[in-house]
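Structure first, then comments.
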Amino acid sequence: MNEVQEQTKTLFQVSDNGYYGQFGGAFIPEMLHPNIEELRENYLAITRSEEFQQEFQQLLKDFVGRPTPLYFAERLSQEYGANIYLKREDLCHTGAHKVNNTIGQILLAKRLNKKYIIAETGAGQHGVATATVCALMGMECKVFMGALDTERQKPNVERMRILGAEVVPAHSGSKTLKDATNEAMRHWINNPIDSHYIIGSVVGPHPYPDMVTRFQSVISEETKWQLKEKTGSEDPDYVVACVGGGSNAAGAYYHYLDRPNVELIAVEAGGLGVASGRSAATTALGKAGILHGSRSLVMQTEDGQVVEPHSISAGLDYPGIGPLHAHLFDSGRAKFYSVTDDEAMQAGIQLSRLEGIIPAIETAHAISVLAQMDLKSSDVVIINLSGRGDKDLETYIKWGKY
Ligand SMILES: *Cc1c(COP(=O)(O)O)cnc(C)c1O
């Protein structure tokens, strides 16, 4: 990094050794050290090169369908008495923001001469986004998925297989996302030379949180010029996003991190209620600890065992958050709310009825927070519409109240 870039580094950008305040770092087994070091040494130079940027931007445009629209939601705005704009990541190819990151990482893996791609997935959305870019680039792909999740999410398992990926069920522990992540890491340790591990959110050891944030930052880069076109100003009063690991939120916030006039609102999954014992509201319930290679806030017992989280939405059902978000919480830069399963489902139906958009249930959490905010009629609110609800149809049907 040159001097000018060094000077413009700010409070919310990652430090050279991979920290956001007291969170971050790379807590990894010795065997993974060469892989992580190779990534850390190369990711900035490669992703900043003109040649990389040209291919990345071209694919975002022609394959993903970017820029995604910034849509003024008139009826939703009337309902809440503010000016609400939806950033339409649901219109990305494969139905959510996740593909922004998988495109970036596969282009990086190619330039590091990797032959095999590994990924973990919970509901299967990141697995599908990874299998998609592996097909695009003709690379071999193994996706680790909790055995329980492979049964709960059959359509996504078949999507990955149609795309040519091998889905490997993880039979350890609770047979869900954190077990799939453990097994993906274990596989990487045993096959370090030719493999790249595509992590699906802003979690994991440095440089993953920063790398994924940068790939997703295209969201706020577009939002700035799109909002200026519509309102004359780049800056909204609020940017709202749901937080599982935190990648869609990190992308939606990125270019606003250093503009204190823009309030950042993060929405976590409250599950059956923060005090119910069945929740995934990490900032409300977590303590500092190490999970999947970085120091962050983690839901854990007194003696540091990871607590099994619960959310109706698989994408938010994670016992941690990325280190950037832990720092945004700790420093007060972002305000964190939680929304229960029921509140989120209601908001999903509300958006469907008011705007003709059935959101992913993850995204419905972000919509629901509008009811908790104290909005003025002059306020401009951006909500990152992280994904579409097709994958959640069965959950909507089971919930039934529409
Ligand atoms: C995976 C997913 C999320 C949660 O992941 P983040 O890394 O927190 O963005 C949110 N919304 C949708 C639609 C998803 O697929």
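The values are calculated or read from the model by the stated rules, or taken from the named source; none is laboratory data. Model, not experiment: these values are computed from the prediction. In this analysis, Cβ positions are derived from the backbone assuming ideal geometry, glycine residues included, and neighbour counts consider all displayed protein chains.
Every listed requirement among (1) surrounded by fewer than 19 Cβ atoms within 10 Å (Cβ to Cβ); (2) on the phi > 0 side of the Ramachandran plot; (3) not acidic (D, E) is met by P34 save one, (2).
Does V203 qualify as being of a type in the set (V, I, T), under 21 Å from G24 (Cβ atoms) and not in a helix (DSSP H, G or I)? Taking the combined requirement at face value, the residue satisfies it.
So that you can scan it fast, the table gives a plain yes or no per residue for (1) surrounded by 14 or more Cβ atoms within 10 Å (Cβ to Cβ); (2) in the same structural domain as V243 (by TED's automatic domain parsing); (3) farther than 27 Å from C134 by Cα; (4) within 16 Å of the ligand (Cβ to nearest atom):
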position	(1), (2), (3), (4)
R40	yes, no, no, no
F52	yes, no, no, no
F56	yes, no, no, no
N83	yes, yes, yes, no
L86	yes, yes, yes, yes
N101	yes, no, no, yes
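Number of residues in segment 13-28 that are small (G, A, S), farther than 15 Å from M185 by Cα and assigned to a loop (DSSP other than H, G, I, E, B) equals 4.
Looking at segment 107-124, can you tell me whether even one residue there is among the small types (G, A, S), touching a residue at least 40 places away in the same chain (Cβ under 8 Å) and away from the ligand (no atom under 16 Å from the Cβ)? Checked against the condition, which is being among the small types (G, A, S), touching a residue at least 40 places away in the same chain (Cβ under 8 Å) and away from the ligand (no atom under 16 Å from the Cβ), segment 107-124 yields at least one hit. Does A249 satisfy the condition of being touching a residue at least 60 places away in the same chain (Cβ under 8 Å), within 16 Å of the ligand (Cβ to nearest atom) and either within 24 Å of V380 (Cα to Cα) or in contact with a strand residue (DSSP E or B) (Cβ under 6 Å, 6 or more places away or on another chain) (or both)? Here the answer is yes, as A249 does meet what is asked. Just one of (1) β-branched (V, I, T); (2) loosely packed, with under 12 Cβ neighbours inside 10 Å; (3) within 16 Å of the ligand (Cβ to nearest atom) fails for T10. It is (3).
Quick one: would you say L107 is surrounded by fewer than 17 Cβ atoms within 10 Å (Cβ to Cβ) and not polar (S, T, N, Q)? Spelling it out, it is not the case that L107 is surrounded by fewer than 17 Cβ atoms within 10 Å (Cβ to Cβ) and not polar (S, T, N, Q). One residue stands out in segment 219-246 among those that are within 14 Å of the ligand (Cβ to nearest atom) and over 12 Å from A334 (Cβ atoms): the one that is surrounded by the fewest Cβ atoms within 10 Å (Cβ to Cβ), namely S220.
Tell me, please, whether a residue that is touching a His at 6+ places or on another chain (Cβ under 9 Å) and more than 30 Å from L354 (Cβ to Cβ) can be found in segment 63-71. Looking for residues that are touching a His at 6+ places or on another chain (Cβ under 9 Å) and more than 30 Å from L354 (Cβ to Cβ), one finds at least one in segment 63-71, hence yes.
Enumerate the helices (runs of 4 or more DSSP H) found wholly within segment 313-402, keeping only those where 2 or more residues are touching a residue at least 60 places away in the same chain (Cβ under 8 Å), touching a strand residue (DSSP E or B) at 6+ places or on another chain (Cβ under 9 Å) and under 29 Å from E151 (Cβ atoms).
Of the helices (runs of 4 or more DSSP H) lying wholly inside segment 313-402, those with at least 2 residues that are touching a residue at least 60 places away in the same chain (Cβ under 8 Å), touching a strand residue (DSSP E or B) at 6+ places or on another chain (Cβ under 9 Å) and under 29 Å from E151 (Cβ atoms) span 341-355, 361-368.
Being assigned to a helix (DSSP H, G or I) and out of contact with any helix residue (DSSP H, G or I) (no Cβ under 9 Å at 6 or more places or on another chain) is the filter; apply it to segment 176-200 and report the residue that is farthest from P309 (Cα to Cα). Per the stated criteria, the residue is H187. With the requirement that a residue be modelled with pLDDT under 95, part of a helix (DSSP H, G or I) and surrounded by fewer than 24 Cβ atoms within 10 Å (Cβ to Cβ), what does segment 148-175 give you? Within segment 148-175, L148, T150, E151, R152, K154, P155 meet the criteria.
The condition (being under 30 Å from H292 (Cβ atoms), touching a helix residue (DSSP H, G or I) at 6+ places or on another chain (Cβ under 9 Å), modelled with pLDDT under 95 and within 11 Å of the ligand (Cβ to nearest atom)) is satisfied by just one residue among A314, A364, A360: A314.
Given the condition touching a Gly at 6+ places or on another chain (Cβ under 8 Å) and among the aromatic types (F, W, Y), answer yes or no: does some residue in segment 232-245 qualify? There is no residue in segment 232-245 that is touching a Gly at 6+ places or on another chain (Cβ under 8 Å) and among the aromatic types (F, W, Y).
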